[in-house]
Amino acid sequence: MWRVRGLAKPVRIGVAILSVAIIAVVVALVTHGSHEDSTPALAAVREPAAKGGGPALTLGHRTVGPDLPPGFVGITMRYPVLEQYVGSNPKSLDPPFLALLRDIAPNQHRVLRVGGDSTDWTWWPVPHMRKPPGIRYTITPRWMSVAHALAKDLDAQLILGINLEANSRRLADAEAKALIARLGRPAIDALEIGNEPELYGSFGWYRTASGEEITGRPHTYDESDFFHEFSSFSNSLPRAPVAGPSSGSLTWLNELNSFLRDDRRVSLATIHAYPLKHCGTTPVTTSELLSDQASHGLAQQLEPYVRTAYGHHLPLRVDEINAVSCGGQRGVSDAFSSALWAIDTLFELAKIGVRGVNIQTVPNTINEVLGTSFSKRTWHVRVHPEYYGLLMFAQAAPVGSSLLRLSGEPPVGVKVWATRASDGQVHVVVINKHLKNTETVRLRIPGVKEAATVEQLRAPSMQARRGVTIGGQTFGAATTTGALTGRVSSPTLQPSGGTYVVRVPGASATMLTISGH
C-alpha cells in the first residue's frame with residue numbers, strides 16, 4: 001500500500017492495508033492476558049490468588065487448535081535481496097544466515113517466501129519480448145542456481161511470486177516454467193500470482209521519461225477484475241500449486257470465499273497482515289505494539305479468513321507480516337518490544353489455525369530482522385531484537401507440539417502460553433509487557449514434581465536495539481557463526497505441591513521447560 005519514491009523510480013514497500021485500530025493505553029500496563037469471549041487457550045476461569053501472591057493458573061491436558069505444522073515460521077524477502085542474503089555462489093552460501101534460518105524452524109522442512117512487492121517488477125526474460133516498462137529486476141540463471149542451492153541446503157520449499165501487474169500471461173508462463181525447471185518441482189511450495197493487487201489501480205507501476213506516474217491497472221480495478229484475471233493466469237501456468245490472493249485489504253479479503261470457490265487451482269490461501277500502520281506523520285508507539293489489539297486483536301480479525309480457507313479444505317498462510325507497515329517505525333519495529341510482540345502474535349495465530357507465518361525482512365531498513373555483509377572472506381549477520389522472539393517461539397513450540405489449555409487469569413499486562421511437544425515435554429512462556437514491574441505467576445501442573453528449567457529473554461529496556469539476551473546468551477552486534485555466544489544461564493525452578501512460582505521481570509519473557517510426564 002506504500003511506495004517510497006526517489007527522483008526516478010517508485011519502489012513499493014510490500015505492505016498490507018490490513019491494520020488494527022489501536023487505542024492508546026497506559027505505557028506501563030499495555031495488555032490483558034486473557035479473553036473471556038474467544039480465547040480458549042487462556043480460558044478466563046477466575047480463581048482466587050493462591051497463597052504467596054500472584055494469580056493462580058492451572059495447566060490441564062486439553063489442547064487448543066491444531067498441532068504446529070512443519071515450516072510454521074519462515075521469512076519473506078524480495079527477489080533482488082536473495083543473493084544479498086546468501087551470496088552469489090551456490091556452492092558456498094552464507095553459513096551464519098542459513099544457521100539462523102534453521103534455528104527458527106529446527107528439525108523440520110522450512111517454508112520461505114520470495115517475492116513481495118518485487119513480484120510485480122521482476123521477470124524472467126522472454127524471447128522476442130521487449131522488457132515491460134515496470135520491470136526493474138531480471139532473474140538470472142545464477143539467481144536460479146542460488147535459489148536451488150538455498151532450498152536444498154535448508155530442506156526448504158519456496159513460495160515464489162509470479163508477475164501479474166505486467167498483465168502478460170506469456171511473461172508469467174515463461175517465469176513459472178523457468179522457476180520449475182531450474183529450481184526443481186520439489187523446491188516449490190507454491191507459485192503466488194501477483195502481490196497486493198488491491199494497489200494496482202492506486203499506485204504507479206512505473207514513471208515515464210517525463211515523470212508521469214503510470215498505474216498497472218485502471219483506478220476502477222476491483223476484486224472482481226482481479227478474480228477474473230487471476231483465474232485466467234492460473235489456468236495458463238504449468239501444473240504446480242498456486243497461491244493467492246496475496247492481499248491485505250479487508251475489503252478484498254471479505255470476498256475470499258468467492259475467490260477460492262471460483263479458482264480451483266489455488267492450493268494455498270495467502271494473506272498479509274500488519275497490526276500497526278505508519279503511513280503518515282503520526283508515529284506508532286511501543287504501547288500500541290504491546291497492546292492486546294496488536295496480537296489477539298489481529299488474530300481475531302484474521303480468524304474468519306482461516307475458517308473460510310478451511311471450508312474449502314485449504315490451509316491459510318500469513319506469508320507477509322511484521323509489526324508496522326509502510327517501512328516500519330524507528331524505536332518500535334527495530335526495538336526489543338518487537339520480540340515480545342512476535343512471540344505473542346505467533347502463538348495467537350497458531351491457536352486460530354493459521355498454518356504458517358512469514359516474517360518480512362528488508363535489508364538496510366527499519367524492518368530489517370536479519371542483515372548481512374561480507375568482508376575479509378567472512379559473512380557477518382546483524383541480528384535484530386525481533387529475531388530473538390522468533391527463536392524463543394521456536395523453542396517453545398517445536399514442530400508437532402500442541403497448545404495446551406490454561407485456566408485462570410494472569411495479571412494484567414502478562415500473557416501466558418503453554419505447549420506439549422510430541423515427546424511429552426511441556427513448555428510454558430510467560431510474557432511480561434510491563435516496562436518495569438516484575439510480575440509473579442503461580443502455575444499449577446497437577447502431578448508434576450520435577451524441577452523446571454528456566455530461560456529468560458531480556459534486554460536493557462523495551463526500546464533497546466542492542467543488548468538482547470536469551471538464556472544469558474547473545475548474537476552480539478553481528479554474528480559470523482549464527483550461534484549464540486556467552487555463558488548459558490539456565491537455572492531450575494522447583495515446584496511446591498505441583499505449583500511453580502514464576503517471577504518475570506518487566507520487559508521480558510520467561511520460558512519454563514518441564515520434562516515429559
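Observations on the structure shown:
- Filtered residues of segment 131-149 (kept if under 17 Å from Ser92 (Cβ atoms) and surrounded by 13 or more Cβ atoms within 10 Å (Cβ to Cβ)): Trp143, Met144, Ser145, Val146, Ala147, His148, Ala149
- Residues in segment 177-195 that are assigned to a helix (DSSP H, G or I) and in contact (Cβ under 8 Å) with a residue 12 or more places away in the chain: Lys177, Ala178, Leu179, Ile180, Arg182, Leu183, Arg185, Pro186, Ala187.
- Residue within segment 78-86 that is modelled with pLDDT of 95 or more, of a type in the set (D, E, K, R) and either crowded, with 16+ Cβ neighbours inside 10 Å or in contact with a His (Cβ under 7 Å, 6 or more places away or on another chain) (or both) present: yes
- Those residues of segment 115-150 which are without any contact (Cβ under 8 Å) to a residue 12 or more places away in the chain and among the charged types (D, E, K, R), in sequence order: Arg130, Lys131
- Qualifying residue in segment 196-211 (condition: closer than 30 Å to Leu98 by Cα, assigned by TED's automatic domain parsing to the domain that holds Glu83 and touching a residue at least 12 places away in the same chain (Cβ under 8 Å)): yes
- In segment 475-505, the residues that are within 22 Å of the chain's Cα centre (by Cα) and surrounded by fewer than 19 Cβ atoms within 10 Å (Cβ to Cβ): Ala478, Ala483
- Segment 151-176, residues that are among the acidic types (Asp, Glu) and either without any contact (Cβ under 8 Å) to a residue 60 or more places away in the chain or closer than 30 Å to Ala209 by Cα (or both): Asp155, Glu165, Asp173, Glu175
- Within segment 424-460, considering residues that are over 25 Å from the mean Cα position of the chain (by Cα) and crowded, with 20+ Cβ neighbours inside 10 Å, the one farthest from Glu409 (Cα to Cα): Ala452
- Among all residues of segment 472-480, there is none that is in contact with an Asp or Glu (Cβ under 8 Å, 6 or more places away or on another chain) and in contact (Cβ under 8 Å) with a residue 40 or more places away in the chain.
- Options Ala339, Ala350: the member that is touching a residue at least 60 places away in the same chain (Cβ under 8 Å), under 24 Å from Leu457 (Cα atoms) and touching a Pro at 6+ places or on another chain (Cβ under 6 Å): Ala339
- Filtering segment 431-441 for residues that are of a type in the set (A, V, I, L, M, F, W, C) and over 26 Å from Pro69 (Cβ atoms) leaves a non-empty set.
- Scope segment 284-313; condition within 16 Å of Arg261 (Cβ to Cβ) and crowded, with 18+ Cβ neighbours inside 10 Å; matching residues: Tyr305, Thr308, Ala309
- Extreme residue, farthest from Ser508 (Cα to Cα), among residues of segment 467-479 that are in contact with a strand residue (DSSP E or B) (Cβ under 6 Å, 6 or more places away or on another chain) and among the hydroxyl-bearing types (Ser, Thr, Tyr): Thr479
- With respect to the conditions (1) assigned to a helix (DSSP H, G or I); (2) more than 29 Å from Arg377 (Cα to Cα), Thr58 lacks only one, and its number is (1).
- Selected residue (criterion: surrounded by the most Cβ atoms within 10 Å (Cβ to Cβ)) from residues of segment 213-259 that are of a type in the set (Gly, Ala, Ser) and assigned to a strand (DSSP E or B): Gly244
- Candidate set from segment 379-414 (those that are more than 19 Å from the chain's Cα centre (by Cα) and closer than 18 Å to Arg458 by Cβ); member that is surrounded by the most Cβ atoms within 10 Å (Cβ to Cβ): Val414
- Verdict on His128 being within 29 Å of Thr479 (Cβ to Cβ) and surrounded by fewer than 19 Cβ atoms within 10 Å (Cβ to Cβ): no
- Any hit, segment 496-503, residues being at pLDDT 95 or above and assigned to a loop (DSSP other than H, G, I, E, B): no
The values are calculated or read from the model by the stated rules, or taken from the named source; none is laboratory data. What you are looking at is a predicted structure, and each value in this text was computed from that prediction instead of being measured. Please note: Cβ atoms are built from the backbone with ideal geometry, for glycine as well, and neighbour counts cover all protein chains shown.
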